Amino acid sequence: MSRPTLADRLARVAAPDRDHENGPREELRDGPTGVELELPGLTARVACLPLLRRDGTQAVRVALHAVRPAGRVRLAVGNTEATFEAPPGRTRALLFVPAVAAAQPVRVVLEAGGRGAEAELELRPQRRWQVHLVHHSHLDIGYTDPQHLILDHHLRYLDAVLDLVAADELFRWNVEATWPLERWLAVRPRAAREELLRRVREGRVEVCALPYSMHTEAYSIDELARTLRFADSLREAHGVEIVTAMQTDVPGAAPGLATLLAGAGIRYL
């Protein structure tokens, strides 16, 4: 047998191990908890999922894995059942069952090809999370476009904000960084400026305190303090409340920044 050449060995190193890559990902997608039912050529993993609907039901995740076509598969969780097509490979679906207030066992039945399997699943009550969506653009200078193009985009975003706020009473917007806002207020007509500031005062638009996301550890404390000048002038000149600062896509925030924000009345970062 000939020895592998250097090219052969390098090719093996460069070629990704698909099972090694995909196995853990598939395991996470299927869900590592719950009960597993097995029929010849078919397995099903069934588990609770922290997802509720307003109709009073909660989600049960179903992950089917067929080594060959399994045809129509029937799955029942307690009194709720559904049928699925199970082609070769993985099939995932959600089954919604009546929500429970306390943990309770339910019978799970899997049927396919004239065969059946059973298991017991503990249905657990799920926490009712309240999710807050922060709607904003992202100021990324130099990564997607040069500065002048980035600024032009963000000026037009603020133009669109006025249209969207007027069109939809539920629409809210967060001005992530004050650098584009400062320029927008300098070049837009007076009526547009007054309209935007009115929307800020009524709580439809929020202005965050920092001019851009910064590598704060590269700043002196004086330089950090100067970044808050425009936010201070907005509050003083227009009665705008500014209580939040945003840092996105950066390594972090130096302790001096937190001290300065607190001293400037910025309560949230």
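Side notes on the structure shown:
- Per residue, the convex hull around the alpha carbon atoms of the range 157-269 comes to 104 Å³.
- Relative contact order computed over the range 122-209 (Cα-Cα under 8 Å; 6+ residues apart), in percent: 30 percent
- For the chain, the solvent-accessible area of protein heavy atoms averages 62 Å² per residue (probe radius 1.4 Å; ligands and nucleic acids excluded).
- Cα-based Rg / Dmax (Å) for the range 47-124: 12.9, 39
- Computed from the C-beta positions of GLU241 and ARG107 and an R0 of 45 Å, the FRET efficiency is 0.20 to the nearest 0.05.
- A Förster distance of 30 Å, applied to the separation of the beta-carbon atoms of VAL67 and TRP129, puts the FRET efficiency at 0.20.
- Neighbourhood net charge (14 Å Cβ-Cβ; Lys/Arg +1, Asp/Glu -1) for ALA112: -1
- Most to least accessible of LEU170, LEU121 (protein chains only, probe 1.4 Å): LEU170, LEU121
- Phi-derived couplings, Karplus 6.51 cos²θ - 1.76 cosθ + 1.60 at θ = phi - 60°, listed residue by residue for the range 156-165: 6, 4, 5, 4, 5, 4, 4, 5, 5, 5 Hz, with x used for Gly and Pro.
- Dipole orientation for the range 86-194: of the candidates GLY114, ALA177, VAL97, GLY114 has the Cα lying most toward the positive pole (charges on Cβ; Lys, Arg +1; Asp, Glu -1).
- Percentage, to the nearest whole number, of Cα pairs in the range 206-269 over 18 Å apart: 27 percent
- Filtered trypsin sites (Lys or Arg not before Pro), the range 122-194: DSSP coil and at most 16 other beta carbons within 10 Å: ARG127, ARG128
- Normalised by residue number, the volume inside the convex hull of the Cα atoms of the range 159-210 is 69 Å³ per residue.
- Net length gained if the chain between GLU27 and ASP140 were fully extended (0.36 nm per residue, minus Cα distance): 37.2 nm
- Local net charge near PRO87, Cβ-Cβ under 13 Å (Lys/Arg +1, Asp/Glu -1): +3
- Secondary-structure-derived ellipticity at 222 nm for the chain, considering helices only, amounts to -10000 deg cm²/dmol, per-run term -39500 (n - 2.57) for DSSP H runs with n ≥ 4.
- Normalised by 2.2 N^0.38 Å, where N counts its residues, the alpha-carbon radius of gyration of the chain equals 1.51.
- Cut-off 15 Å between beta-carbons: net charge of the residues surrounding ALA70, Lys and Arg +1, Asp and Glu -1: +4
- Protection proxy ranking of 79-91, 132-144, 51-63 - average other beta-carbon atoms within 10 Å, highest first: 51-63, 79-91, 132-144
- Modelled FRET efficiency - R0 41 Å, ARG53 with ASP222, Cβ distances, 0.05 increments: 0.15
- With all protein chains modelled, accessible area of TYR157 [1.4 Å, Å²]: 100 Å²
The values are calculated or read from the model by the stated rules, or taken from the named source; none is laboratory data. What you are looking at is a predicted structure, and each value in this text was computed from that prediction instead of being measured. Because the Cβ atoms are built from the backbone with ideal geometry, glycine has one as well, and the counts that use them run over all protein chains shown. Only protein heavy atoms, including side chains, enter the accessible area calculation; ligands, DNA and RNA are left aside. Shrake-Rupley method; radii C 1.70, N 1.55, O 1.52, S 1.80 Å.
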